Amino acid sequence: MTNHIGYICLTAALAVSLYGVVAPHLGVTRNNWNLVRSAQFATILNLGFVFAASVALMRAFLTDDFSVSFVFQNSSVDLPVMYKIAAFWGGMDGSLLFWELVLALLSAVVAYRYQRSNREVIPYVIVTLSIIHVFLLGLLVTYSNPLATQYPIPDNGRGLNPLLQHPAMAAHPPMLYLGYIAFSIPFAFAMGSLLRGKLDNEWVVTTRRWTLFAWFFLTVGQMLGGQWAYEELGWGGYWAWDPVENAAFMPWLTGTAFLHSVMLQEKRNMMKVWNMTLIIVTFGLSILGTFIVRSGVLNSVHAFAQSEIGPAFLIFIAIVLVLAFTLMFRRIKLLESRHTADTLLSKESTFLLNNLLFIGIAFTVFLGTVFPLVAEAVRGTKLSVQAPFFNTIIAPLGIGLLGLVGVCTLIAWRHSSASYLIRNFRWPVAAAAVVLAAAALLGVRHGGALTVFAVGSFTAAVLFMDFGRAVAVRHRQGGGSWPSSAFQTVMRNQQRYGGMVIHLGVVFVFFGLSGNYFRSEHNLTLLPGKPVEVAGYQLLYKGMKVYPEGNATLHAAELELYRDGEFLDTLHPARSFYPTTPEPLTEVAIRRTLAHDFYIALASENEDGSATLRILVNPLVIWAWFGFPLFTAGIALAMLYKPRTLGAPAVEKRLGLAGS
Amino acid sequence: MIRSWKFWLVLAGIAVVVGLFAYGFTVDPKLVQSPLIGKPAPDFTVTRLGGGETLHLAELRGTPVILNFWASWCVACRDEAALLEKAHRRYGLESGDVRVIGIAIQDRPEAARAFAERYGKTYFLALDGEAGDIALNYGLYGVPETFFIDRDGVIHHKQVGPVTWEGLVTQVNAMAGQQQAKR
């Protein structure tokens, strides 16, 4: 019964969304603001309906209602409650509903929040968002209804794919979704501005924090995905240039480029066409990401999520891109900007270079991802593009970006002189040289790793120096204590120092990634009671233990880890057997230290009582996770900053840039 | 009408990308051609599951071999179990034309035996070594994968994913026909 009501709610939501497509435009042409208000209300009502449908599905999961075939396929009686909740987005239909729910929430926030401001574009923002709603709800009530019921009712479900039963899996998809979907808001504002022909900088300023929000969740979502792959797939890495990883990475790249290049529009009124292009592409790539994950068009580790709605997504992407670009080119006269970068040595040109590098990386990823399709279409050969292709091209571009963070921080807007740069870069370059020498003395020999260390320490030094100087100035002028000067400095320019904290996080992430240059792998078979020496550790295999955990049975090897005869830890790499799937899963054991992760996967337990292990020593991995709290803190800081909701000319006047 | 050439360039770009993905629907991404086709099948020696008999692949020269990789934990392997057994009865026992061999990878002997019993497999089954040497030599992506090895011990065809009856018959006939043509 509830399931049918849930379905009716979805149809009602579709009707309400169709109203949201039509009413605002009528309101504008007939100059009837009440119609626009009613569409804003409809957007909020839409959330109510979608929320009700989601509650119905969640109820079905929590009460093991296997009359709902989606629940039957993705859950089982013995599934822990946390994963019953996560199973909501574990399959196609549910994740589509989840997507719609999040978009409905964000749309309702937009409709509520901008009742008085942005009056000119908001009707068309609502139209754009409603079109996306119509697409998603149209799929939900036809091809992929998560509340569809079946008869007879089975006693038990098929169970959630055990690979998805990992804490990170409960959080990784929602985070990624939030990121993807939040980019719909800047996109909707961009389209609203185009449709209305109001192409000042208002949409950029209004959506600044939405963009930061989207970026944050896309970043966190991907880090959690890496965490999941690292702990659950058992091959010892966190990133494999799998098509689905690439699909999530591409909108992140263009979104990050957008995040930077809108600052040029905000501060210098430049790059308007470019920003419009970037947000269209980012939104298009967000949908493409879902399309690649869900359609099975490319071979991937995420093949568990395939479905038949790929063609619908593809058509939607095509329509969105064609309409958006047609609109943009119709308004192109209004978008052409008067400013260009004045000289090569200016902050503007570092932003341009930043965008060039991000787009270069995005293009490389795109090419590597679709190349198997190209090769097959053109030559008829099957092939796959592997990690070396991506690493060879992207590593240098990425290191270039890392260095650019440092250069950009110190260089001035509009014009910098060479002597100014030399004076400012003296100390950071010295810091880089010291780190380089120290690393070389400590035995790091790999050129790639040394480059990352040097460039990273240069950038970190710049960031600290820049901050230190600002604090010193405030301390001299304000006379407060050092900590209060530091606090005031940060609070006076939250955007700048939020960015600084994030960039520091980026340095950490690169430091962690550089460990990939010198990781080592060992495959061993251990007999009980016989210690083995591996990578400077001694490993003693005590025997196999079998015990239940959650709804799985674990076969765990008990291992004692020693270094120089001193006991460190007991580790339990295991294979887990789930009742609903005959395939055993690898549960890795990891001992994390600042220097490296000691990573053990149990390959097999053998008849003679021995255990075969795959051991990886992954240097510096933990440092990449340290980027995570810094991203969080930096974004929180940057979100405190309230962009001025003024038109561009006023901003320019205030910054003393008018007429420049 | 928009005159800008850039606009048409963008539209063309969209058309190419969308066309490419639309084309992607018509092909199966899993069918990566194995570089082993036309090469001699890597040799191995295995002991029959449950003990006893050993089998040395090189000694089967002269008889085409259907070499199936499977595992008790593999869902698709259940679907094809009956077909492989049928092929074994039709081409192996009755006419003696073909040898069917199943190698279980990453499996435990007791689980593999239970699986074989449940699906009534009577053809030669064995476990891959602890290190998975045979699977590595054949460049396996996963299970099931099936190799068709001709009389000369050369890999004739590789099937990724479960076999179909039509596919089995086609490959067996192709291997037989190829032989007749050579004679």
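Observations on the model:
- Note on chain B: antiparallel DSSP beta bridges, both residues inside, total approximately 60 percent of the bridges counted.
- Per-residue average of Cβ from other chains inside 10 Å of A:315-328: 3
- Long-range Cα-Cα pairs in chain A (distance over 31 Å), rounded percent: 59 percent
- Gaussian network model of chain B, springs between alpha carbon atoms under 10 Å - residue of B:121, B:86, B:39 with greatest fluctuation: B:39
- Environment charge of residue B:122, counting only residues whose C-beta is closer than 9 Å and scoring Lys/Arg +1, Asp/Glu -1: +1
- Label-reachable residues, region B:144-164, where backbone N falls under 11 Å from a point 7 Å from residue B:58's Cα toward its Cβ: none
- A Cβ-based charge dipole, computed about the Cα centre of region A:518-621 with Lys and Arg at +1 and Asp and Glu at -1, lands at about 160 debye.
- Legend: mean number of C-beta atoms from other chains within 10 angstrom of residue C-beta atoms, peptide B:9-22, equals 5.
- Zone residues, region B:138-178, relative to residue B:94, backbone N less than 13 Å from point 7 Å out along Cα-to-Cβ: B:169
- The Cys residues in the protein assembly as shown with no partner Cys Cβ within less than 4.7 Å of their Cβ are A:9, A:408.
- Among B:138, B:23, B:91, the largest mean-square fluctuation in a Gaussian network model of chain B (Cα springs under 10 Å) belongs to B:23.
- Computed FRET value (nearest 0.05) for residue A:437 with residue B:160, which takes r as the C-beta separation and R₀ as 45 Å: 0.30
- Rounded to the nearest 20 debye, dipole of region A:410-559 from Cβ charges on Lys, Arg, Asp, Glu: 720 debye
- Here's the picture: charge each Lys and Arg Cβ at +1 and each Asp and Glu Cβ at -1 in chain A, and of A:369, A:554, A:479 the one pushed furthest to the positive end of that dipole is A:479.
- Net charge of the neighbourhood of residue A:229, taken over other residues with C-beta under 10 Å away and scored Lys/Arg +1, Asp/Glu -1, is -4.
- Inter-chain Cβ neighbour average for residues A:369-378, partner chain, 10 Å: 3
- Taking A:119, A:196 and counting other C-beta atoms within 10 Å, the order from fewest to most: A:119, A:196
- A cut-off under 14 angstrom between Cβ atoms defines the neighbours of residue B:93, and their net charge, with Lys, Arg +1 and Asp, Glu -1, is +2.
- Pairs of alpha carbons in region B:32-182 separated by more than 24 Å make up 24% of all such pairs.
- Cross-linked pairs A:642/B:6; A:84/A:545; A:347/B:6; A:545/B:121; A:198/A:347; A:333/B:6: Cα-Cα separations exceed 24 Å for A:642/B:6; A:84/A:545; A:347/B:6; A:545/B:121; A:198/A:347.
- Vicinal HN-Hα couplings computed from phi for region A:205-213 (Karplus, 6.51 cos²θ - 1.76 cosθ + 1.60; Hz; Gly/Pro x): 5, 4, 9, 3, 6, 4, 5, 4, 4
- Taking the charge dipole of region B:32-182 about its Cα centre, with +1 at Lys and Arg Cβ atoms and -1 at Asp and Glu Cβ atoms, the residue from B:95, B:37, B:120 reaching farthest to the positive side is B:95.
- Each Lys and Arg Cβ is given +1 and each Asp and Glu Cβ -1; about its Cα centre, region B:32-182 then shows a dipole of about 260 debye.
- Shape box of region A:1-160 [Cα atoms, principal axes, largest first, Å]: 58, 27, 20
- Gyration tensor verdict on region A:485-599 (Cα atoms; rounded if a/c is under 1.5, prolate if a/b is larger than b/c, oblate otherwise): prolate
- Farthest toward the positive end of the dipole of region A:25-147, out of A:71, A:112, A:142, is the Cα of A:112, where the dipole comes from beta carbon charges about the Cα centre.
- Ordering of A:200-211, A:360-371, B:159-170 by packing is A:200-211, A:360-371, B:159-170, highest average first (other Cβ atoms within 10 Å, averaged per residue).
- Built amide H within the under 5 Å cut-off of residue B:124, gap 5+: B:100, B:102
- Inter-probe distance in nm under a simple model that places probes 7 Å from Cα toward Cβ, at residue A:371 and residue B:169: 4.2 nm
No lab work stands behind these numbers, since they all come straight from the coordinates. This is a predicted model, so every value here is computed, not measured. Cβ sites come from the backbone with ideal geometry, for glycine too, and all protein chains shown count toward neighbours.
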